[in-house]
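Have a look at the structure below before the remarks.
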Amino acid sequence: MGRPDLPVTWEEDGYTVTRTTAWSAPGCHAGCGIVCYVNEDGILEKVEGDRENPFNQGHICPRCACLPDVVNSPDRLLCPMKRDPSQRGNPDAWEQVTWDEALDLIYEKMTSLAEEYGPHTLQTFCGTGRDILWQSQRLAYAMGTPHVESYSSGLACWMPRLVSYNVSTGDYMMPDCSECHEDRFDNPEYRDPEVIFCWGNNCVASSSDGFFGDWLVEVMRRGSKLVVVDPRLTWLAARADIWIQPRPAVDSAVAIAMLKVIIDEDLYDHDFVDRWTYGFEALVQRCAEYDFDLLCERAWVPAEKIREAARLFAAGRHTAVQLGLALDMQRNGIGAVRAIISMLAICGDIDQPGGQIFTGAPFDFHYFSWGFDELPEDVQKMVIGYDEYPFIRMGMVLDQPDLAVVQAETEKPYGFTGAIMMGTNPLACMSNADLNRVYPVLQKLKFIAVADWRMTPTIQMLADVALPVAMCVEKLGMIAKRTGAFAMSPIAGLKIKGEPKSDAEIVWLLGKRFNEKMFPYDSVEEIYDYLVKNSGMTWREIRNQHWAYPGQEYRRYEKGLLRKDGLPGFNTRTGRIELYSPMAEEIGENVLPYYDEPYYSPYTTPELYKEYPVIVMTGSRNIQFFHSEHRDVAKLREIQPDPLVEINDEWAREQGFRDGDWLWIENKIGRIKHRAKLTPTLKPGMANVNSGWWFPETDPHDDPMYGVWDVNPNLLSELGQQGPTGFGADVKALLCKIYKCEEGEY
């Protein structure tokens with residue numbers, strides 16, 4: 001396990017070279033192994049992929065290659081700052097303070113608010129799944145509040161997939177591309193997927209949710225057949241054996257149509273279904289309720305294309321599916337994902353080599369909701385949506401955002417008073433946050449502290465305290481990917497700019513002030529020692545050998561390795577994969593996969609569709625940016641200087657649009673402007689706009705929102721359209737109209 005023979009630091013051609021792992025800040029989901037070169041002046045000069053690291057095997061993306069540009073950026077926050085809340089938005093009101101002054105001020109303000117209004121009126125905000133999840137959650141619990149926020153409608157980022165897997169199979173899963181084996185493709189138990197589906201995911205650009213996109217490319221090279229389900233012709237779709245191009249946000253129609261083919265043509269694994277699934281007859285009956293041709297018609301996909309894909313799915317003895325964010329960003333995300341899981345289950349592809357494998361947090365690392373069970377039961381039940389949406393308890397125990405915003409607006413049963421934000425820039429990011437409502441709600445807060453590495457619209461417009469965050473190459477940290485655990489430490493010889501601290505250190509210092517019982521540790525390293533204690537190693541021991549893989553065993557359901565009672569079966573109430581969920585029945589949720597239309601669509605709101613006849617998607621990934629980050633890196637910004645709206649080229653020319661024109665994208669609640677990108681990769685009547693946009697180069701004296709009000713699709717997203725489970729939001733199906741900007745409007 002690990003490679004203790006590999007040096008951590010060495011000298012090479014005048015550089016001090018260090019082998020470590022990239023995490024955040026700046027952000028990414030992957031956490032790749034990297035080799036960093038620091039010159040004689042203590043400056044990080046270049047970054048390369050670590051060929052010895054089994055996770056990424058030397059491959060890195062442009063963002064990682066440009067890490068020196070971010071570390072050495074002149075725009076970094078260097079020291080803690082404060083300003084009076086009455087001066088929010090004023091870039092000249094900031095005053096430099098020491099760390100002790102800043103942390104004491106946060107403690108004093110939040111404690112004072114807790115004493116006056118109650119600790120339950122405090123919040124923490126966490127961004128995407130990087131190095132702030134356990135930190136922001138445990139900090140909230142140390143303050144005595146259960147309120148951890150994203151204000152991202154329907155928790156439509158990973159949560160629908162996580163909950164769907166938990167409901168159906170008892171744990172999270174991902175495709176087996178050998179990533180859980182330290183010896184990768186040389187492992188004797190491993191088999192390549194015969195067929196791999198990439199569904200609603202451009203993973204070579206996003207590497208999202210712990211799945212490194214190069215893994216899929218590698219199994220393609222090794223012979224796996226590829227099916228892509230995506231409204232856009234991505235790089236992967238262009239190389240697929242089958243490309244299904246559905247109408248956005250109706251993946252449940254595609255999945256149930258495929259299920260019908262597999263069942264009606266008797267293509268499923270009878271033995272696995274009989275022995276290891278629950279509710280198959282009910283699933284058959286549910287599928288019989290839908291007309292195949294109507295499903296295909298509503299999906300805008302030829303029936304024969306769906307039949308072809310379903311037959312290929314069932315024919316592979318090792319079939320796997322990489323599910324992407326697009327499944328979450330629709331109000332029926334859970335219905336779609338459970339239908340896909342049902343296909344994997346009835347074809348016997350669960351927990352098999354080259355199939356869909358269980359990948360829980362390695363060594364029981366407390367990545368989510370660490371400390372929630374230490375809160376009093378009555379405080380736990382204050383989680384917004386705890387009673388209304390019981391599936392909330394099966395995720396990361398975050399507040400249900402749509403209800404949380406309503407509560408913040410109405411202050412019933414109570415409002416919110418103070419917040420600490422980490423790793424999040426909600427005014428420019430979270431592409432399913434209704435900025436028209438979220439911004440006023442955040443303005444109401446009496447005190448806000450934000451930790452980030454540079455000035456953002458969120459800090460400039462909302463923060464009373466700004467804390468400078470250390471980069472991944474400057475800090476001690478731990479990545480617990482579902483493949484294994486990877487430790488990092490400050491790069492040898494690196495001259496640290498300013499006074500940044502890691503997110504973990506900030507939380508440790510604040511946590512000891514708020515609740516020393518929850519933070520009894522004498523150092524951040526002690527925290528990580530606790531988090532990896534089940535590995536049998538300390539943080540430093542893992543760091544010295546670079547990584548620790550827990551290993552991957554197949555068919556664990558046969559060996560009693562998935563259940564706490566040690567009995568064969570799956571970690572569900574019935575011990576089987578639950579195609580029909582008794583737990584869902586108990587709490588009044590839909591017990592089976594189902595198809596449902598978006599909140600607004602050509603079929604649910606035909607009159608609105610006449611007025612706004614273009615179905616607009618957002619939230620798609622570009623390899624040069626991560627969410628709202630990297631637009632200040634010149635090398636990456638050169639790739640795409642402005643936000644783009646992708647539209648069908650023939651349709652665009654009919655409208656009189658030319659490539660590069662500034663266009664308005666408008667719906668019933670707002671409008672934004674993007675430059676036109678004419679392309680044949682989308683059907684007429686569909687469009688794709690870029691999320692996370694702002695202009696860091698803007699002088700905040702001219703616009704302290706850095707252009708967010710002009711270009712960010714948060715202005716088009718509408719809260720209150722969550723799915724019936726509380727999860728999912730139709731960010732992939734915004735009904736809009738598109739027209740030219742007049743001269744002077746751009």
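The values are calculated or read from the model by the stated rules, or taken from the named source; none is laboratory data. Predicted model only: the values in this text are computed from it and were never measured. Neighbour counts run over all protein chains shown; Cβ positions are idealised from the backbone, glycine included. The protein model used for the area step is the full one, side chains on, heavy atoms only, and it has no ligands, DNA or RNA in it. Shrake-Rupley method; radii C 1.70, N 1.55, O 1.52, S 1.80 Å.
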Response to the item:
Within the under-12-Å Cβ sphere about Ala102, not counting Ala102, Lys/Arg +1 and Asp/Glu -1 give a net charge of -2
Worksheet item: Considering amide H positions built from the backbone, and no H for Pro or chain starts, which residues 5 or more places from Ile479, or on another chain, come under 5 Å of its amide H?
Response: Phe486, Ala487, Met488
Item to complete: Have a look at region 213-325 and give its Rg and Dmax from the Cα atoms, expressed in angstrom.
Response: 14.7, 40
Fill in: Local electrostatic count, Glu638, Cβ distance below 14 Å [Lys/Arg +1, Asp/Glu -1]
0
Practice prompt. Name all residues of region 282-302 having a backbone nitrogen under 17 Å from the label point set 7 Å from the Cα of Arg573 along its Cα→Cβ direction, giving them as ranges.
Written response: 282-283
Item to complete: Quote the FRET efficiency, to the nearest 0.05, computed for Glu281 versus Asp659 with a Förster distance R0 of 41 Å and r equal to the Cβ-Cβ distance.
Response: 0.15
Practice prompt. Mind checking the per residue accessible area of the chain for me, 1.4 Å probe, whole number of Å²?
Written response: 34
Fill in: Interchain or long-range residues, amide H under 5 Å from Val731's placed H
Gln330
Worksheet item: Which of the lysines could a cross-linker span from Lys564 if the Cα-Cα distance has to be under 26 Å and same-chain partners fewer than 8 positions apart are dropped?
Response: Lys381, Lys481, Lys533
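From largest accessible area down, sort Arg437, Arg130; use a 1.4 Å probe on the protein chains.
Result of the area sort, largest leading: Arg437, Arg130.
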Item to complete: Take the Cα coordinates of region 312-385, assign each an equal point scatterer, and use the Debye formula without solvent to give log10 I(q)/I(0) at q = 0.22, 0.27 Å⁻¹.
Response: -1.01, -1.13
Worksheet, complete the sentence: Scattering profile of region 479-527 from the Debye formula, Cα beads only, expressed as log10 I(q)/I(0) at q = 0.13, 0.16, 0.26 Å⁻¹, is -0.44, -0.63, -1.02
Worksheet entry | Pair Lys559, Asp702: separation of 7 Å Cα→Cβ label points (nm) | 6.3
Response to the item:
For Lys260, the lysines lying under 30 Å Cα to Cα, once residues fewer than eight places off in the same chain are dropped, come out as Lys225, Lys305, Lys683, Lys732
Worksheet item: For the chain, what proportion of DSSP beta bridges, expressed in % and rounded to the nearest 5, is antiparallel?
Response: 50
Discussion item. Could you give each residue of region 303-317 its phi-based ³J(HN,Hα) in whole Hz, using Karplus coefficients 6.51, -1.76, 1.60 with θ = phi - 60°, and x for Gly or Pro?
Written reply: 4, 5, 5, 5, 4, 4, 5, 5, 5, 5, 4, 6, 6, x, 6
Item to complete: Would you mind checking region 707-732 for residues with the amide N under 12 Å from a putative spin-label position 7 Å along Cα→C-beta of Glu409?
Response: 718-721
Response to the item:
1/(1 + (r/R0)^6) with r = Cβ-Cβ of Asp41 and Lys517, R0 = 45 Å, i.e. FRET efficiency to nearest 0.05, evaluates to 0.50
Discussion item. Need the list of lysines near Lys82 for cross-linking: C-alpha distance under 29 angstrom, and skip anything on the same chain fewer than eight residues off.
Written reply: Lys109, Lys444, Lys446, Lys475, Lys495, Lys497, Lys501, Lys512, Lys517
Worksheet item: Given only helices, namely DSSP H runs of n ≥ 4 each adding -39500 (n - 2.57), what is the per-residue ellipticity at 222 nm of the chain, to the nearest 500 deg cm²/dmol?
Response: -7500 deg cm²/dmol
Discussion item. Against the empirical 2.2 N^0.38 Å scaling, what ratio does the C-alpha Rg of region 554-594 come to?
Written reply: 1.32
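Could the peptides 84-97, 562-575 be put in order, highest first, of the mean number of other beta-carbon atoms found within 10 Å of their residues?
Ranked by mean Cβ neighbours within 10 Å, highest first: 562-575, 84-97.
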Discussion item. Suppose each label sits 7 Å from its Cα in the direction of the beta carbon; what would the Asp373-Asp5 distance come out to in nanometres?
Written reply: 4.1
Discussion item. Are there any trypsin sites (Lys or Arg not before Pro) in region 653-736 that are in a DSSP loop and have at most 12 other Cβ atoms within 10 Å? List them by number.
Written reply: Arg658
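Count neighbours as other Cβ atoms within 10 Å of each site's Cβ, and list the GluC sites (Glu not before Pro) in region 589-698 that are DSSP loop with at most 10 such neighbours.
For GluC sites (Glu not before Pro) across region 589-698 that sit outside H, G, I, E and B with at most 10 neighbouring Cβ atoms in 10 Å, the list reads Glu638.
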Worksheet item: Percentage of Cα-Cα pair distances in region 581-649 greater than 16 Å, rounded to whole percent?
Response: 70
Worksheet item: Ranked from highest to lowest mean number of other Cβ atoms within 10 Å per residue, what is the order of the peptides 576-583, 332-339, 231-238, 155-162?
Response: 332-339, 155-162, 576-583, 231-238
Worksheet item: Evaluated at 4 °C with a viscosity of 1.567 mPa s, what Stokes-Einstein diffusion coefficient in µm²/s does region 84-127 have when Rh comes from the Kirkwood expression over alpha-carbon pairs?
Response: 105
Item to complete: Would you list the P(r) distribution for region 535-622, with all Cα-Cα distances sorted into 5 Å bins from 0 and each bin expressed as a whole %?
Response: 3, 10, 10, 8, 9, 10, 12, 12, 10, 8, 6, 3, 1
Worksheet item: For Glu194, what accessible area in Å² do you get when you roll a 1.4 Å probe over the heavy atoms of the protein chains, rounding to the nearest 10?
Response: 80
Worksheet item: For labels at Asp293 and Ser73 in the simple 7 Å Cα→Cβ model, what's the distance in nm?
Response: 5.6
Item to complete: Write down the radius of gyration of region 474-575 and its Dmax, each obtained from C-alpha positions, in Å.
Response: 18.2, 57
Worksheet, complete the sentence: Rounded to a whole %, the carbon-and-sulfur portion of the accessible area of the chain at a 1.4 Å probe is 47
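Evaluate E = 1/(1 + (r/R0)^6) for Ala303 and Lys533, where r is the Cβ-Cβ distance and R0 equals 56 Å; express this FRET efficiency to the nearest 0.05.
Result of the calculation: an efficiency of 0.55.
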Item to complete: Report, largest value first, the span of the C-alpha coordinates of region 407-497 along each principal axis, in whole Å.
Response: 51, 33, 23
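Note the direction-averaged projected area, equal to a quarter of the hull surface, for the Cα convex hull of region 146-272, in nm².
10.7
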Practice prompt. Against the globular-protein guess of 2.2 N^0.38 Å, express the Cα radius of gyration of the chain as a ratio, rounded to two decimals.
Written response: 0.91
Item to complete: State, to one decimal in nm², a quarter of the convex hull surface area for the C-alpha atoms of region 1-98, i.e. the direction-averaged projected area.
Response: 9.3
